[in-house]
1. Relative contact order (percent) for chain A, with alpha-carbon contacts under 8 angstrom and 6 or more residues of separation?
2. Rank B:324, B:148, B:136 by mean-square fluctuation in a GNM of chain B with C-alpha springs under 10 angstrom and give only the top-ranked residue.
3. If neighbour count is taken as other Cβ atoms inside 10 Å, put A:93, A:157 in order from fewest to most.
4. I need the per residue convex hull volume for chain B, using only the alpha carbons, in cubic angstrom as a whole number.
5. Segment B:67-145 to segment A:49-125: how many Å between their Cα centroids?
6. Over all residues in B:291-303, what is the mean tally of Cβ atoms on other chains that come within 10 Å of each residue's Cβ?
7. Choose one answer from B:85, B:203, B:367: the residue with the largest mean-square fluctuation in a GNM of chain B with alpha-carbon springs under 10 Å.
8. Can you give the Rg and Dmax of segment B:62-227 based on its C-alpha atoms, in angstrom?
């Protein structure tokens, strides 16, 4: 494992306001993730796992504290710079895949590349490579409705890696899948970590999934209660 | 981006079809009404150097025929003729048998309307026969009339039937609507009515258009204090005021058009808002992938603009087709509309209105979509 710190979280707090109530979801989180790590975030519902992941992805703003990812202090980025930063550095894998139903597997994977200046040929090459990595090169012209849940999630993973981001964030990537498909997705994530050196942070409820990671971080009521080798 | 916009448009085909149909229908009606109005306003074939004199109160009031002599003496007036609307019924009330019928003065008609081209022999035959009439070429062809044919016009305003013999056929290729009327001797009606000596309208031919204002002023002043005061105006103004007897048609048509466009605007805006609401989660995904707010705005707004433009194209194309068909069909019962045609200006206006509907309908959903909270958006159930 490389010792270069890719994610540095310090004193991170997040409070949501709901009408007159304030809910403190994260309470002073300090965390470091090194390049090439595969970290599983575990904890009961409402412990703040997904909130932490969203903050790392730059799709939510912390109430207090600091998040530095790949050397960028995210609290200092404007909305448009943050969008550009997400595009360059983050690959996000959702629990419910979130493919666009009107686009084919190929077009869904190509979507992040349409924000670049790459030529059409270059885009095609990258999309085909990503789909080959996830084992779906033969399904590139299929629409999401023509794919199984496991295949949809593999397309979503291809979409998340097609821009070659430094950090992959996965929010319960096997939460909506049967055990066989879940196993395939976990194999794929492990392959991405071990063979391609991707740094992965995965939120999961499943202890079996968490065991695939190299490090397990536990959260409870917004507090980091333990970090251990998986 | 373009692919995504197009696919989103086709995502809910029923909704898209109904929205396109609504916009298309609105612009179809608007384009068609515009063509009707333009045709009515332009079908008069008006001349800049003619002045129409009529009763100051209304066209339904008539003037003494004694005015004719004095009108001839006004400076810059080269000719004066009389036209009296007869009305009546030819054969039956079916629209194809309706055409304008005027009592005229054969000796002066062609001096004041030199654009009506008729052979000299036919003109003389018309002048010589008190029960003769001349008809426009288009009308004669449509009715299958030939020289010497006798027709009967049953009176309605005037309590008498006219038996008329076709003595001439005139042409006016520059204003085909004018070829769909007939002229007969006004003296024929006068005599049958025991010579009441009344006139509907005097038509003055001036030596130059620049003298119109002076002649109008002079003529109106001449009869200002008489029992039958007059209103003098250009032929074009007369044609418009004649149309306005049916009400302010332009205002009426514009109001109808505006009401339709506003209704459709609400429908389209509602549809676009629904479409944007349905896709909150997808917008959140796009934002997570790195799409900027402006790009999301463009996606939603472009879809809305596309609906507006496609609707406009469908509406304008449909109206263009119908205009041609309606112009042909109107030849019989409403000659003025037979000159109806889609103009580039009218089609351009439809496109502009379609774009405006698309823009106004899409701007708020686009603005809202760009400002969604990504985390909240991702929680929305698809």
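Every number in this text was worked out from the coordinates using simple rules, so none of it is lab data. Just so it is clear, the model here is predicted, and its values are computed rather than measured. All Cβ positions, glycine included, derive from the backbone under ideal geometry; neighbour counts span all protein chains shown.
1. Numbers: 453 pairs, mean separation 64.2, N = 230.
RCO, chain A: 28 percent.
2. Maximum fluctuation in the GNM of chain B, among the listed residues, is at B:148.
3. Details: A:93 22, A:157 25.
Sorted ascending by nearby Cβ count, the order is A:93, A:157.
4. Details: hull volume 66.3 nm³, N = 382.
Normalising the Cα hull of chain B by residue number yields 174 Å³.
5. Between the Cα centre of segment B:67-145 and that of segment A:49-125, the gap is 81 Å.
6. Working: counts 7, 8, 3, 2, 3, 1, 0, 0, 0, 0, 0, 0, 0.
Rounded to a whole number, the mean comes out at 2.
7. Highest fluctuation among the options: B:367.
8. When restricted to Cα atoms, segment B:62-227 yields Rg and Dmax of 16.5, 49 Å.
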